[in-house]
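Data block below; observations after.
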Amino acid sequence: MTRPRPAQRRLLAHRDRDLPRAEMRPDPRQDPARDPVRERAGGSAGRRREKPAPSLASTRGLDAFTFCVANLQTGFGPFVAVYFTSQSWTQSDIGLVLTIGGLFSLFGQVPGGAFVDWVTSKRFVAALSVSVIGASAAGLALFPTFLIVALAMAAHSIASCTLTPAIAAISLGLVGHAGLGERLGRNARFSSIGNALAAAGMGACGYYLSSEAVFYVTAALAVPTLAALYFVRASEIDTVRPQAPDGGAAPGGWASLKLLVTNRALLCFAACITLFFVANAAMLPLVGSVLTVRASQTATILIAACIMAPQMVMALIAPSVGRAAQAYGRRPLLIIGFAALPIRGLLFAYTDAPELLVAVQVFDGISAAVLGVMVPLIVADCTRGTGRFNMALGAVGTAMGLGAAASTTLSGYMADHFGSHAAFLGLAGVAFAALAVVVLIMPETRRARDA
C-alpha cells in the first residue's frame, strides 16, 4: 500500500520551483575567478598559471651543463688546425676538412632546430649531441686519416646544430617566457667562463703533452657533461607546443611554418643579425694580423688576451643583461649591443698601441653579452605559440653564418687593396648600417605581461 505524500512537502516543492534557478544553483559563468574581459585580453595564456620556479638541482644542473658544453666545444676551435699540422697534413687537406665542417654547420642549423622541435625529450637530444661530439673527438685522436677526420668533423657540426637549440629549449621549458631572459644570462655567463678556462687548460695540454692530448681531454669531458645534464629534472621541463592565442585551433604543420615566414619582427631581426656579423666576424682576425705585424714577439700573448677580455666582460654582465631585458624590453639592450660594434671598429682603425687594441676588445664583450641573451630571447618572443622556436633559432644561426662568411671575404679584399685602416673603417660603416636598421625598423618584442 502506497503512503500518501504529505501536503506540506508538496507545498515546499512548489515553493522551490517558484525560486529562480540562479538562486538555487550558482552559475559557473559568473565565477569571479574567471573574468571574461581578462580572458579575451590575455587569450589562453590568461587562463594558465604562471610556471613555478625550477628546483635548485635543475638550475645548478643547467649551469654546470652549459659550462661543460663550452669546455667540450673549445676543443674543436683553433686546436684542430694545430693538430692536423702536427700530423704533417697539407694546408689544402686541412682547409678541405674545415670547409666540410663549416658547410655542415651552416646548412644543418634549420634541420637541426626542426629536429629539436619535433622530439619531445629535449634532454635526450642534448645527451645524444654530447655523445656524438665526444665520439668525434675520440675519432680525431685515434684515427687521424682523411676519411675518419672528415666524418668526425661532419658529425661534430651536425651535433652542434642540435645541441645549441636543445639548450635553449631546455632553458625555455624550465623557466617559461617570463624568466627566460635571466636564465639565458646565466647560460651566457657559465658558457663564457667555460670557454676561457678550457682555452687555457687545453692550450697547456697541447704545450706540455701533445696536440692529440687536446682531443682525448675533449672526449673525456663528455662524461661530466652528461652527468651535469642528469641533474636537470625532465619533469620540470615543459614541452613547448603550438598554441592558439585566441582559444581556437592550434596552428600546426605548414600553418605554423607560415607564421614564421610572415613574422615581420623575426625577419627584421634576421636582417639586423646578418649585417652585424658581416661587420663583426672579421674584426678579430684582422686585429690578429695587425698585431703580428706591429708586435711579432708578443703577438700570441696579445691575441690570447684579445680572446679572454670579452669573455670576462661577458661573464660579468650577461645576467644583468637578461634581467634588464625582462624589465625594460629587448630593443634598448639590442641598440646598446649594436652600438658597441661601430665604436669598436673606429677605435681599431685609429689605435696604434698593441696594448690598447686589447682594451678595445671590452666593447666586443658588451656586444657578445647582449647578443648571447637577445638572440634566443627575441626568437622565443617572435615564435611564441607556433611551436617552431628551435627551427627559427636555427634560421637565425644560418643568417649569422652567412654574414660571417661574407665578412671575411669583404675584410680580406679591403685589407689587400686599401690597407687595414680602410678595412676597419669599412667594417665600422657596415656596423653603423646595422645599428640604423635596428633603430629604424626593429620592433619591441617583449609582451607586457612578461615584464
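Here region 256-445 exposes an accessible surface that is 72 percent carbon and sulfur, computed with a 1.4 Å probe and the other protein chains kept in place.
The length gained on full extension between H417 and L96, counted as 0.36 nm times the residue separation minus their Cα-Cα distance, comes to 112.9 nm. The residues of region 256-445 expose, per residue, 40 Å² of accessible area to a 1.4 Å probe. Once both labels are positioned 7 Å from their Cα atoms along Cα-to-Cβ, the gap between L103 and S320 label points is 4.5 nm.
Here region 384-451 and region 332-360 have alpha carbon centers that stand 16 Å from each other. With the largest listed first and rounded to whole Å, the semi-axes of the equivalent ellipsoid of region 256-445 from the Cα gyration tensor are 31, 18, 13. What does the charge count around F115 come to, taking other residues whose C-beta lies under 14 Å from its C-beta (Lys +1, Arg +1, Asp -1, Glu -1)? Once positives and negatives cancel, what remains is +1. When you have a sec, figure out the Kirkwood radius of region 282-368 from all distinct Cα pair distances and drop it here in Å to one decimal? After inverting the mean inverse Cα-Cα distance, the result is 13.7 Å. Full extension of the chain between R60 and E355 yields a length gain of 102.5 nm, computed as 0.36 nm times the residue separation minus the alpha carbon distance. Where a ≥ b ≥ c are the square roots of the eigenvalues of the C-alpha gyration tensor, would you call region 95-145 rounded, which needs a/c under 1.5, or, failing that, prolate if a/b is larger than b/c, or oblate? Oblate is the answer for region 95-145, as a/c is 1.5 or above yet b/c matches or exceeds a/b. Which residues among region 201-225 fall inside the zone where the amide N is under 13 Å from a point 7 Å beyond the Cα of S131, along Cα→Cβ? What the label zone holds, given the 13 Å backbone N cut-off, is 223.
The radius of gyration of the Cα set in region 55-231, together with its Dmax, comes out at 16.3, 53 angstrom. Taking square-rooted eigenvalues a ≥ b ≥ c of the alpha carbon gyration tensor, is region 55-107 rounded, prolate or oblate, where a/c under 1.5 means rounded and, failing that, a/b exceeding b/c means prolate? The shape class here is oblate. Modelled this way, with points 7 Å down the Cα-to-C-beta line, the labels at F124 and I441 are 4.1 nm from one another. Taking 25 Å as R0, compute the FRET efficiency from the Cβ-Cβ separation of A304 and Y328 and round it to 0.05. My answer for the efficiency is 0.10. Under 15 Å from the Cβ of M283, count the other residues' Cβ atoms, weight Lys and Arg +1, Asp and Glu -1, and hand me the total. Net charge in that neighbourhood comes out at 0.
The values are calculated or read from the model by the stated rules, or taken from the named source; none is laboratory data. Bear in mind the structure is a predicted one, so any value in this text is a computation, not a measurement. As a convention, Cβ positions derive from the backbone with ideal geometry for all residues, glycine included, and neighbour counts pool all protein chains shown. All accessible areas refer to the heavy atoms of the entire protein, side chains included, with ligands and DNA or RNA removed. Shrake-Rupley method; radii C 1.70, N 1.55, O 1.52, S 1.80 Å.
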